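For reference, the structure is listed below as structure tokens.
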Amino acid sequence: MSDILEILLNANFWAAALRIATPLIFGVIGALVCERAGVLNLGIEGIFTAGAMAGWMAVWLGTGLWGGVLVAALAGGFFGLIHAILTVPLGLSQHVSGIGVTLFATSLSYFIYRTALPDVSSPPRIEAFKPLDIPGLSDLPFIGPALFQQTPLTFLALAIVAVTAFVLYRTPLGLAIRAVGDNPSAVESQGLSVYALRMGTVIAGSALMALGGAFLTMSAFDAFFFGMVNGRGWICIALTVFASWRPGKALIGALLFGAFDAFQVRLQTEVGSFIPGQVFLMMPYILSIAALILVARKADYPRALLVPYFRGQR
Amino acid sequence: MIRFEPREPSSLPRLILIPVAAAIVALALAAIPMLFAGLSVFNAYGLMLTGAFGSVFAFTEMLTRAAPLILTGLAAALAFRAKLWNIGAEGQLYAGALAAVAIGSGMIDAPSIVLIPLVVFCGALAGGVMMLGPTLLKTRLGVDEVVTTLLLNFIILLFVQMMLEGPMKDPMGMGWPQSEPMLDEAMLPKLMARMRIHGGLIIAFIAAIGIHILLKRTVWGFEIRAVGENANAARHAGIPVTATFIRVGLFSGALAGLAGVGEVAGLKGYLTADLSPGFGYSGIVVAMLAGLSPLGVVIAALFIASIFVGADSMSRATGVSNYLADLIVSMALICVLISGLFLRFKVRFVGAKSTEGVSK
Amino acid sequence: MTKTSPDAAVVLKLDGITKRFGALTANGDVSLSLRKGEILALLGENGAGKTTLMNILFGHYVADEGTVEVLTEDGSLTELDPGSPHAALNAGIGMVHQHFTLAENLTALENILLGTEPLLALKSGRARARERLSDLMTGSGLIVDLDARISTLSVGEKQRVEILKALYRNARVLVLDEPTAVLTPQESDTLFATLKKLAADGLGIIFISHKLDEVIAASHRVAVLRGGRKVADQPTEGCDKRQLAELMVGKTVPESTRDSQVPGAARLILSSVTTGAGRDALHSVDLELLSGEILGIAGVSGNGQGTLAKVISGLLPPSSGTIALDGEVLTSADARRMIDTGIARIPEDRHKDGIVGPMSVAENLAIETIRKPQNQRFGFLRFEAIARRAKDAIVAYDIRCQGDKAPARLLSGGNIQKIVLARTLDASPSVVLAAQPSRGLDVGATSDVHRRLLEARARGAGVILISEDLDELLRLSDRIAVMHRGNLSQPDKTETLDRATLGLRMAGQSKEQAA
Amino acid sequence: KDKPIKVAAIYTVPVEQQWVSRINKALKAAEERGDITYTFSENVANTDYERVMREYAEQGMDLVVGEAFAVERAARKVAAEYPDTAFLMGSSFGAAKPNFAVFDNWIHEPSYLTGMIAGATTKSNIIGMVGGYAIPEVNRLMNAFMEGALATNPDVKFLVTFINSWYDPPKAKESAFAMIDKGADLLYAERFGVSDAAKEKGILAIGNVIDTAGDYPGTILSSALWHMEPTVDKAIAAVLSDSFEPADYGPYSFMSYGGGSFVVDETLAPADAVAAAKEKEEEILGGLFRVNVNDSEPKSTM
Ligand SMILES: Nc1ncnc2c1ncn2[C@@H]1O[C@H](COP(=O)(O)OP(=O)(O)OP(=O)(O)O)[C@@H](O)[C@H]1O
Ligand SMILES: Nc1ncnc2c1ncn2[C@@H]1O[C@H](COP(=O)(O)OP(=O)(O)OP(=O)(O)O)[C@@H](O)[C@H]1O
Ligand SMILES: [Mg+2]
Ligand SMILES: [Mg+2]
């Protein structure tokens, strides 16, 4: 018991939680805005991979770190565009299009990486983002080490949560996005284009997802690996429902997940010998389902989620 | 501006022509990465063809890969017909495989005639049971099954790892996380000497025909279609909606479970945590390519399998990175998906004036 | 009010509009004009092309031929950019669709504001909007709670939000597609009072309706479409119902009437049924339905009729109380059991609850009895038998469709209703529950429905008719009970009732007060 | 047979993965020399492994190199069906007639030596060890390392975690961070990602299989390296001279054959520890000291 308390009171633990949560924050916010506009984006797992690969490769080719972030976002936007075209004007099944995009983005990233670097024996490294060290703030007890061991991308993720919440709830654009996910004809009858809104949102959301991937190769690590994303995208899809499509709750969800993961890694060295490690690894998923059961009744779905819209359809 | 006009019954030539055209477009697009990798494109196409159909070996390998795809494709197609979004075939496949090795690796000693049906049944049952939770949560509490089935994939996979590193670990496996081997009596028969092709393919074919008949000709199928197309109206008309969902969930999970049975009892003989290279997810793709038609699933699975096996073998023959195979499969998928649109709609390119599209 | 149109300027002119859907001509060379302050009623059978015409006006559809011209600020008529709802909105055209176009997750205010501000603005000017809206609301009498989520509003309130949406954008032309189809008589009256007021202030109004009484009462001018062509365009003054009905259908419409008949013994008995939650809950409802009678249930929608229908349909079990049919207890019976014991149910929303759109007409006809031996053997469907029965029903009920294999969704509302009638009434049920059976149907289809219900009565079935249409209730019912806040009154003989008393009692007054 | 012979390799992971990269490197070197032509398939799923083996055999490869670990039975069956092709497979089991030779990364010897250095260097007396899966080839090296460390520092304690993945650097890194939080000042980097954590926190790490000192300057204290060249070259020579035997090539990974080696950064390690380790190295090479082979799963000792 005291061990557990010791873990929880350690600032490094919270630093780890935030670090693990960062890619999930990008991903869940991206997935959330897409779904708010009525489009489920199961392309997320592949878009993560594409962002990780494209961002890393750009830096490796010399664009600089922020240049790499931009390239990652563009790559995400590109696959978002494909998903958007398939699901919005063409109205194809969002599940399948999403899985198709995941296959496509993943295999294309791998193929490009391997074809460009056929002869690497160990993956080439880049100079990744360094933790921000803000004199004064970093020395604060507890908060300092927890927050200021983070790289700029973590702060970007936190900022994006705030910006997304602001846009969704305070601006006309956000109003339109929330409306188009609930009833597209409400949007069309007010003179706005359903297609433009949905496609734009999916592209923007996918760009955000790609930043989650970029974090993996440019902050969490400094090289690209195959299989690096490792299901993180899927987690974001679950977190979106868990968060009832609200950015604030999404942040909390991602942090909880990060905390659990960090906790699990630490606890494993304590009790690992008599509880199989997989039990810990399962916990976040089981807790997600439990949370879903608790919120499901109250969750209000974007009502037009998964429903394609055709102009003039009755 | 593009305009879609619905096309109700599609003529048979179109039904065949359009997917074929899509496949050709996909292959044409595949030339881009091939050129990028510096291949001679026509040579590569030839190698792809021989890689999938060029010899008995190639052909049986293609069929071997198609077998699990047919079953996971059916799992998705059946569930999606009822609008039960089962994204969990991957996990159900592992559950089926786990049950198969649990029963078939020495727990019960019996002749093949008893053991094989038992293994098959238990595998199907395990897969089906995996769907019970998500289905009940959906019908009773309104919990989104996309998320629960997706998350269950990870849980089951971890559970399998736990079993393989714990109680079900092969004591003779030198510490590797793998199960004990299946008894010979529990293995599905091979269909051809020296080839890997196995009884799982027969199970897949039978399942496809069975599901086809179920949907088209039976009361249960009628009820599944009604619930899928309009659950409210179905409930109002006295159709037991919850029972239908549960039935569909069980069947769908069972089909995915059978895919797992085929892989361990037909192919590998024991279970490892990397049994499936994403058959569950590919099944969704197969199902949609097939337009959720059970017989179409067979064709779509053969298509995907031949593209993969052909392209994989081509990459080996030409020394190109074998990630090319996955790339070509994904491009083929997107092309065929779009082509489905041409089956359902007349697509007209018209001036910016006419903008309405109509469909249901 | 004056029944002739004002001589004011023309605000809207449709000229030679033709719209084809494949082989079908939905609108053929239709011309129409509307003046400032004028209320124009647009009539026609189901499928006559009314909605299509209005959708062209609003830019949802593009006409194959013809133009739409609108009065601009400078006083001239200018052609409207086709196919652009945006352009139509800017030109001052407001539209209230047959099915509401509101985002349920947003508040009334947000729905009204949607699309009125530059999308990329960083701020939304809610305070100013609120001010303008409160002026608009007091001016027009369309009062709504601006901060209420749409999902919590009643149908009438939603409609007010729709009209406010148009007014907020300074609409000069307001189009309402079947605005009263889902409103109660009281709500309809309020709506028309408002419309008249708005017209008096200079708004040009077009409304579509199948209810001839309200057309005659509220409009200055009527235009009638038949088969996509305009067959009449005349001042309302001097029109009567029979004449308008004939213009729409092209022949005389038989009006079914109830002949006197002595009801038999009690069949369906509900005693102290309580269930449900909120406004729509039932509180200790007692009901006794006799054989050979039509028992009308009047009430403002949302007062428990929906719940009552659900209970009798077997979709919602009573939390207390009992239900019995001919002595057989059905308290916790499910939908199938209800059907099997002979309770036929015609759902309120025929599209959502009545048919499975993509399934064929034949399958929709068989759906309630699919497990009966007539339709299956050992779990396998008997296709020939199903098709044969479907063909018979198509003839017997005059279901207009492309055959028994056609998907049911392609049928018009009236014909969909005939499918429901055919499958429910064919088994000679002992009880018929008909919820809003003629809502949204044209005069012809309505008359068909009425005839079928009267036939069931003549056969000795007991019919429960839940309706908001008082004329329908008074014409068909032997007795009428009133539903208010989940309480059901004792039924009265129809002869002792009239519109006015019924209206008052629906509003919550007791029998004594109303009399 | 004539040079160059045709060689194909089948890997179940991408070629960057440490273990596989050593085979790839040795085969590439042979290709450079003109001894062989070389082609490979990476990231081959277990389901596909048998097909790929057959395809290469059908293509007439002279030698197929790969890892049979998860596909032992199938691999042996295929090999038996293609007696004209030589198979050299990583395996925990023995060789099989007529053409199935086995190898493994037997670098427990240098691992022991790195342990000696580590034990002498740690100040907190806590060493963190992050591994992939607890399989014999991993356990063996970890146990040798622990034994070496205890030899120079009996007070040293170990934290052991397996990430249950061959390939998840961010996760390995997080596990390493967790160990640093618990007081480890030295990490045994069985997987990619661990040295990154060490570098970021300014502590030292022990390398395994590949030399990553260049990637983490000032971080890698000492490494146990694996060299596949002796194994591969031996097999190629055997195929060239038509004398390929289904033998156990494992010993070619021993230090005495040059299959394993020990490096230490002398600027980071205490001089007396370096001297002791070098002395032990000589004993091993001279056959005077045998490092124990212990395949059981290592556990945390605190
Ligand atoms: N999007 C469409 N695609 C094809 N045909 C259509 C479409 N919309 C309308 N139609 C056809 O146009 C005709 C006119 O339909 P419309 O909806 O305008 O009728 P309506 O007069 O509004 O009928 P109702 O009184 O039932 O509302 C219908 O018969 C229908 O077949
Ligand atoms: N997508 C469509 N394609 C073809 N025809 C259609 C389509 N949608 C509607 N129709 C046709 O439009 C006509 C009118 O349809 P509509 O839905 O307006 O029926 P309705 O009689 O108005 O019913 P209700 O009043 O209940 O809405 C029908 O004849 C129907 O066949
Ligand atoms: Mg209409
Ligand atoms: Mg209508």
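Here segment C:26-164 is treated with +1 on each Lys and Arg Cβ and -1 on each Asp and Glu Cβ, and its dipole about the Cα centre works out to around 560 debye.
Only alpha carbons enter this Debye calculation for chain C, each as an equal point scatterer, and the log10 of I(q)/I(0) it gives at q = 0.06, 0.11, 0.13 Å⁻¹ is -0.31, -1.04, -1.35.
Name the residue farthest towards the positive end of the dipole of segment B:66-291 from the options B:Ala102, B:Met195, B:Leu289, assuming +1 on Cβ of Lys and Arg, -1 on Cβ of Asp and Glu, about the Cα centre. Going by the charge dipole, the pick is B:Leu289.
List, in the order given, every pair from A:Lys249/C:Lys165; D:Lys3/D:Lys97; C:Lys310/C:Lys352; B:Lys268/D:Lys299; B:Lys190/D:Lys97; C:Lys36/C:Lys197 whose Cα-Cα distance in the structure shown is over 22 Å.
Cα-Cα > 22 Å for A:Lys249/C:Lys165; D:Lys3/D:Lys97; B:Lys268/D:Lys299; B:Lys190/D:Lys97; rest within.
Once you have a ≥ b ≥ c as the square roots of the Cα gyration tensor eigenvalues for chain D, tell me rounded if a/c is under 1.5, and otherwise prolate or oblate according to whether a/b is larger than b/c. Because a/c hits 1.5 or more and a/b exceeds b/c, chain D counts as prolate. Within segment C:101-244, the percentage of alpha carbon pairs spaced more than 23 angstrom apart rounds to 41%.
Where in segment D:24-38 does the label zone of A:Asp119 land, with the point 7 angstrom along Cα→C-beta and an amide N cut-off under 12 Å? Output list for this probe position: D:28-29, D:32.
With a simple spin-label model that places each label point 7 Å from the Cα along the Cα-to-Cβ direction, the separation between A:Val307 and C:Val262 comes to 5.3 nm. For a label point 7 angstrom out from the Cα of C:Ala127 toward its Cβ, which stretches of segment A:161-177 have the backbone nitrogen within less than 18 Å? So the set is A:170-172.
Structural size metrics of chain B, computed from C-alpha coordinates, are Rg and Dmax of 21.6, 74 Å.
The alpha-carbon of D:Lys1 sits under 17 angstrom from the alpha-carbons of these aspartates and glutamates, leaving out residues fewer than 8 places away in its chain: D:Glu31, D:Asp35, D:Asp62, D:Asp84, D:Asp233, D:Asp242, D:Glu245. Rounded to two decimal places and with Rh computed the Kirkwood way over Cα pairs, what is Rg over Rh for segment C:289-336? A ratio of 0.98. For the pair segment A:171-239 and segment C:267-301, the centres of their Cα atoms are 50 angstrom apart. Checking the Cα-Cα distances for D:Lys25/D:Lys278; D:Lys123/D:Lys278; C:Lys13/C:Lys211; C:Lys19/C:Lys405; C:Lys13/C:Lys230; B:Lys216/C:Lys372 against a 23 Å cut-off, the pairs over it are D:Lys25/D:Lys278; C:Lys13/C:Lys211; C:Lys19/C:Lys405.
Compute the length gained on full extension between C:Ser428 and C:Arg388: take 0.36 nm times their separation in residues and subtract their Cα-Cα distance, giving the result in nm to one decimal. Walk me through the intermediate numbers first.
Details: separation 40, 0.36 × 40 = 14.40 nm, distance 1.85 nm.
Gain on extension, C:Ser428 to C:Arg388, equals 12.5 nm.
Think of segment C:118-274 as having a plus end and a minus end, set by charges on the Cβ of Lys, Arg, Asp and Glu; of C:Gly125, C:Val231, C:Val262, C:Gly125 sits farthest toward the positive end of this dipole.
Expressed as a fraction of 2.2 N^0.38 Å, the rule-of-thumb size for a compact globular protein of N residues, what is the C-alpha radius of gyration of segment C:100-169?
Working: Rg = 11.5 Å, N = 70, 2.2 N^0.38 = 11.1 Å.
Its radius of gyration relative to the 2.2 N^0.38 Å reference: 1.04.
At full extension, B:Ala23 and B:Phe42 could sit 5.3 nm farther apart than now, given 0.36 nm per residue minus the alpha carbon distance. Kindly identify segment C:1-112 as rounded, prolate or oblate by the Cα gyration tensor criterion: order the square roots of the eigenvalues as a ≥ b ≥ c, call it rounded if a/c is under 1.5, otherwise compare a/b with b/c, prolate if a/b is larger, else oblate. Since a/c stays below 1.5, the shape of segment C:1-112 is classed as rounded. When the Debye formula is applied to the Cα atoms of segment A:76-162, each taken as the same point scatterer, what base-10 log of I(q)/I(0) results at q = 0.14, 0.16, 0.22, 0.23 Å⁻¹? Rounded to two decimals, the profile gives -0.82, -0.87, -1.00, -1.04. Taken as entire DSSP H runs, the helices of chain A that both span 30 Å or more between Cα atoms along their own long axis and average -1.0 or more on the Kyte-Doolittle scale are A:11-36, A:65-87, A:94-116, A:194-215, A:247-271.
Relative contact order of chain C: what whole-number percent is it, with Cα pairs under 8 angstrom and at least 6 residues apart? Mind showing how you got there, number by number?
Working: 1054 pairs, mean separation 78.6, N = 515.
Once divided by the residue count of chain C, the mean separation gives 15 percent.
Within 10 Å of the Cβ of each residue in B:144-150, the mean number of Cβ atoms contributed by other protein chains is 6. Hey, what angle do you get for helix C:413-425 against the long axis of chain C, alpha-carbon based, 0 to 90 degrees rounded to 10? Here the helix axis deviates by roughly 10 degrees. Between C:Glu79 and B:Val114, the modelled label-to-label distance comes to 8.7 nm, taking each label 7 Å out from Cα in the direction of the beta carbon.
First obtain the Kirkwood hydrodynamic radius of segment A:167-314 from its Cα pairs, then insert it into the Stokes-Einstein equation at 10 °C and 1.306 mPa s, and state the resulting D in µm² per second as a whole number. If you can, show how the numbers build up before the last one.
Numbers: Rh = 18.0 Å.
It diffuses with D of about 88 µm²/s by this estimate.
Only DSSP H runs of four or more residues enter the estimate; each adds -39500 (n - 2.57), and after division by the residues of chain D the mean residue ellipticity at 222 nm equals -12500 deg cm²/dmol. In terms of the Cα gyration tensor, with a ≥ b ≥ c the square roots of its eigenvalues, is segment D:1-94 rounded because a/c is under 1.5, prolate because a/b exceeds b/c, or oblate? Because a/c hits 1.5 or more and a/b fails to exceed b/c, segment D:1-94 counts as oblate.
For the peptide A:164-177, the mean number of other protein chain Cβ atoms found within 10 angstrom of a residue's Cβ is 4.
Among B:Lys169, D:Lys234, the ranking by other beta carbons within 10 Å of each residue's beta carbon, starting with the fewest, stands as B:Lys169, D:Lys234.
The aspartates and glutamates within cross-link reach of B:Lys83, meaning a Cα-to-Cα straight distance under 14 Å and a gap of 8 or more places when in the same chain, are B:Asp144, B:Glu145, B:Glu223, B:Glu229. Only Lys, Arg, Asp and Glu carry charge here, each on its Cβ (+1 for the first two, -1 for the last two); on that basis segment D:92-204 has a dipole of about 60 debye about its Cα centre.
This model, with +1 at the C-beta of Lys and Arg and -1 at the C-beta of Asp and Glu, gives chain A a dipole about its Cα centre of some 960 debye. Taken as entire DSSP H runs, the helices of chain D never both span 27 Å or more between Cα atoms along their own long axis and average 0.0 or more on the Kyte-Doolittle scale. A simple spin-label model places the labels of C:Gln513 and A:Leu294 4.7 nm from each other, with each point 7 Å out along Cα-to-Cβ. Per residue of peptide A:22-35, the mean number of Cβ atoms on other chains within 10 Å of the residue Cβ is 0.
Calculation over all alpha carbon pairs of the protein assembly as shown in 10 angstrom steps from 0 returns a P(r) of 1, 7, 14, 18, 18, 14, 10, 8, 5, 3, 1, 0, 0 percent.
Kirkwood hydrodynamic radius of chain A, from the reciprocal of the average inverse Cα-Cα distance over all distinct pairs: 20.1 Å.
With a sphere of radius 13 Å drawn around the Cβ of A:Pro247, what net charge do the other residues whose Cβ falls strictly inside it have (Lys, Arg +1; Asp, Glu -1)?
Working: positive: A:Arg36, A:Arg170, A:Arg178, A:Arg246, A:Lys249; negative: A:Glu35.
With Lys, Arg at +1 and Asp, Glu at -1, the neighbours total +4.
Values quoted throughout were computed directly from the atomic coordinates according to the rules given, and no laboratory measurement underlies them. Computed from a prediction, not measured in an experiment: that's the story for all the values here. FYI the Cβ positions are ideal-geometry reconstructions off the backbone, even for glycines, and counts take in every protein chain you see.
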